[in-house]
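Trainee: Questions regarding the structure given below will be posed in turn.
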Amino acid sequence: AQADVAMRRHIRTQAVQAGSRNTLELLEETGHDLVQTSSHGGARESHAKWQGRVFSLSGKSKKYPPFYRETGYGSVDGLCGANCKHDFGIYVEGQPLRYERDPDGGDEKREERYQAEQKQRELERGIRAAKREATALEAAGLDNTKERLRLGKLQKRQREHIAAHPYLSRERTREAAMESKAHIYPLATDKTWVREKLMPGKGAGTAADVSRRAVNGKSYHDKVASLPIPKRASEAVYAESRRILRDRDGTGYERMSVVSWKKGERVTDTFGHGLKSQACGLTAKQVEACRRTKGGVVLIHNHPMSSPPSWTDIRTVAENDWVRSSVVACHDGTIYEIKVNDRSVVQAYEELRELAKRECPNVGGDVIDQLATEMLYERNEEAKWFRLTKKK
């Protein structure tokens with residue numbers, strides 16, 4: 001057995017046996033001789049014959065059979081043995097029985113339930129194995145798409161199996177590969193764009209409506225996939241950009257989501273934050289979570305008016321070494337991606353802003369900011385402070 005399976009079985013068995021020893025000590029102290037075993041649906045055949053019955057611990061009772069001989073208590077395959085779910089407790093003569101002898105309503109139904117539970121255990125083993133393999137490949141920097149697809153199929157079969165047997169319930173802890181803390185996302189298909197929901201309905205009739213023609217379908221997925229960022233991160237950027245666009249459709253407001261550069265896992269987002277026009281900043285706690293993300297992060301946010309990255313967008317990348325890339329998802333379907341090559345771009349912008357103020361002393365600060373940004377874009381063609389990728 002795998003280490004996690006053996007450990008789970010050992011812990012469960014030890015807990016059951018510890019409880020049974022305590023019960024026996026209590027019986028001895030109080031002088032009780034009679035016990036009743038518990039019962040549950042789908043018991044294995046060898047245990048079903050004694051579950052829910054009353055026994056005599058001493059074996060001297062003429063009415064009730066001997067406990068140790070009938071139940072096999074103390075043996076590996078007996079009551080409270082390996083993987084046994086049964087236990088026992090004090091029974092007082094004349095009191096109602098706590099457990100049914102046959103909770104399934106017949107041997108045929110009991111066997112059906114037993115086989116259904118065994119099938120569930122089999123699927124759980126397959127899910128754990130797929131997670132281990134996917135985790136190992138990811139840790140080695142190798143593609144684990146095949147294993148994640150297998151994981152998705154196994155989880156789908158598990159859902160269908162449980163739905164077909166109402167007495168079963170999903171046991172998530174049994175599906176966890178306990179030696180791995182990494183979260184592996186299953187895949188239903190290797191084409192992310194196929195499984196993503198289309199932008200629903202019609203827009204709100206504003207200038208900030210998202211173009212369905214531009215963002216629905218494979219072409220938008222391919223556009224995002226062609227960005228110069230790792231594959232897992234680009235798949236996450238695709239999913240998050242569409243999630244943001246669905247949320248902000250028809251509004252002039254922005255949202256931000258952050259995914260890890262290496263694994264594409266969502267780190268945090270601003271969904272649920274108050275609405276702020278032209279702003280989608282992270283809280284101090286969220287910034288700290290990004291800073292702690294191994295390998296850095298990718299920022300994704302929207303521009304309702306489909307404008308190019310602002311100076312704030314560029315500066316955010318330049319001033320934070322944990323930002324590996326920033327992606328702007330425009331409502332018209334355009335995608336921008338920013339990487340900063342030279343952090344001196346911050347000083348360059350400040351100098352250009354001072355220049356704009358001297359040349360246009362009678363205009364407001366917003367206009368100065370816009371002029372400085374335009375000059376920065378022009379100078380960047382030669383200086384190469386940052387790289388801007390545009391996908392239209």
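We did not get these values from a lab; they are worked out from the coordinates using the rules stated. Since we're looking at a predicted model, the values are computed, not measured. Quick reminder, even Gly has a Cβ in these numbers, built from the backbone with ideal geometry, and neighbours come from all protein chains shown.
Trainee: Kindly state, to the nearest 0.05, the FRET efficiency for LYS85 paired with ARG21, given R0 = 22 Å and r defined as their beta-carbon distance.
Mentor: On the way: r = 17 Å, r/R0 = 0.78.
The computed FRET efficiency comes out at 0.80.
Trainee: For the stretch 192-391, what is the relative contact order in percent, using Cα pairs closer than 8 Å and at least 6 residues apart in sequence?
Mentor: Relative CO of the stretch 192-391 lands at 18 percent.
Trainee: Using 1/(1 + (r/R0)^6) with R0 = 56 angstrom and r between the beta carbons of GLU350 and LYS146, what's the FRET efficiency to the nearest 0.05?
Mentor: Plugging the Cβ-Cβ distance into 1/(1 + (r/R0)^6) gives 0.65.
Trainee: Please report ARG291, ARG212 as a ranked list, fewest other C-beta atoms within 10 angstrom at the top and most at the bottom.
Mentor: Details: ARG291 13, ARG212 17.
Neighbour counts put them in this order, fewest first: ARG291, ARG212.
Trainee: Identify all lysines with a Cα-Cα distance to LYS146 below 22 Å; exclude those on the same chain that are fewer than 8 residues away in sequence.
Mentor: LYS131, LYS156, LYS181, LYS191, LYS218, LYS231, LYS262, LYS263
Trainee: Let me ask something else about it. Run lengths n ≥ 4 of DSSP H only: what is the helix-derived mean residue ellipticity at 222 nm for the chain, with -39500 (n - 2.57) per run over all residues, to the nearest 500? It would help to have the intermediate numbers written out before the result.
Mentor: Details: 14 runs with 179 residues, N = 392.
Dividing the helical sum by the residues of the chain leaves -14500 deg cm²/dmol.
Trainee: State, as an integer percentage, the relative contact order of the chain based on alpha-carbon contacts under 8 Å between residues 6 or more apart. All intermediate terms of the calculation are to be shown ahead of the outcome.
Mentor: Numbers: 580 pairs, mean separation 37.2, N = 392.
Relative contact order, the chain: 9 percent.
Trainee: For labels at SER58 and LEU97 in the simple 7 Å Cα→Cβ model, what's the distance in nm?
Mentor: Between SER58 and LEU97, the simple spin-label model gives 2.4 nm.
Trainee: Okay, next question. If packing is taken as the average count of other Cβ atoms within 10 Å, what order do 307-314, 28-35 fall into, highest mean first? It would help to have the intermediate numbers written out before the result.
Mentor: Numbers: 307-314: 17.8, 28-35: 13.6.
For the peptides 307-314, 28-35, the packing ranking is 307-314, 28-35.
Trainee: If you stretched the chain out fully between ASN362 and ARG170, how much longer would it get, using 0.36 nm times the residue separation minus the C-alpha to C-alpha distance?
Mentor: Values: separation 192, 0.36 × 192 = 69.12 nm, distance 6.83 nm.
62.3 nm is the gain from fully extending ASN362 to ARG170.
Trainee: Please say if the chain is rounded, prolate or oblate, where rounded means a/c under 1.5 for a ≥ b ≥ c the square roots of the C-alpha gyration tensor eigenvalues, and otherwise the choice is prolate for a/b larger than b/c and oblate otherwise? Before the final figure, lay out each step's value.
Mentor: Working: a/c = 3.43, a/b = 3.02, b/c = 1.14.
Verdict is prolate for the chain.
Trainee: Same structure, new question: What net charge is computed for the residues neighbouring PRO103, neighbours being all others with C-beta under 11 Å from the C-beta of PRO103, Lys and Arg scored +1, Asp and Glu -1?
Mentor: Working: positive: ARG101, LYS109, ARG110, ARG113; negative: GLU100, ASP102, ASP104.
Counting the neighbours of PRO103, the net charge comes to +1.
Trainee: Hey, another quick one. For Cα pairs less than 8 Å apart in space and 6+ apart in sequence, what is the mean separation divided by the residue count of the stretch 275-392, i.e. the relative contact order in percent?
Mentor: Computed over the stretch 275-392, the figure is 24 percent.
Trainee: A further question on this structure: What shape does the stretch 82-122 take by its C-alpha gyration tensor, where a ≥ b ≥ c are the square roots of the eigenvalues and a/c under 1.5 counts as rounded, a/b above b/c as prolate, and the rest as oblate?
Mentor: Verdict is oblate for the stretch 82-122.
Trainee: Quick check on the exposure proxy: order SER234, SER46, SER226 from fewest to most C-beta atoms within 10 angstrom. List each step's numbers first, then the result.
Mentor: Numbers: SER234 23, SER46 10, SER226 13.
In increasing order of surrounding Cβ atoms, one gets SER46, SER226, SER234.
Trainee: Give me the angle, in degrees from 0 to 90, between the Cα long axis of helix 107-139 and the longest principal axis of the Cα atoms of the chain, rounded to the nearest 10.
Mentor: 40
Trainee: How far is it, in nm, from the label point at ARG157 to the one at LYS119 when both lie 7 Å from their Cα along the line to the Cβ?
Mentor: Spacing of the two 7 Å Cα→Cβ label points: 1.1 nm.
Trainee: Report the antiparallel proportion of the DSSP beta bridges in the chain as a percent, rounded to a multiple of 5. Show your work: numbers first, answer last.
Mentor: On the way: 25 of 33 bridges.
That works out to approximately 75 percent antiparallel.
Trainee: With label points built 7 Å along Cα→Cβ from the Cα atoms of LYS285 and SER46, find their separation and express it in nm.
Mentor: Placing both labels 7 Å beyond Cα along the Cβ direction yields 5.3 nm.
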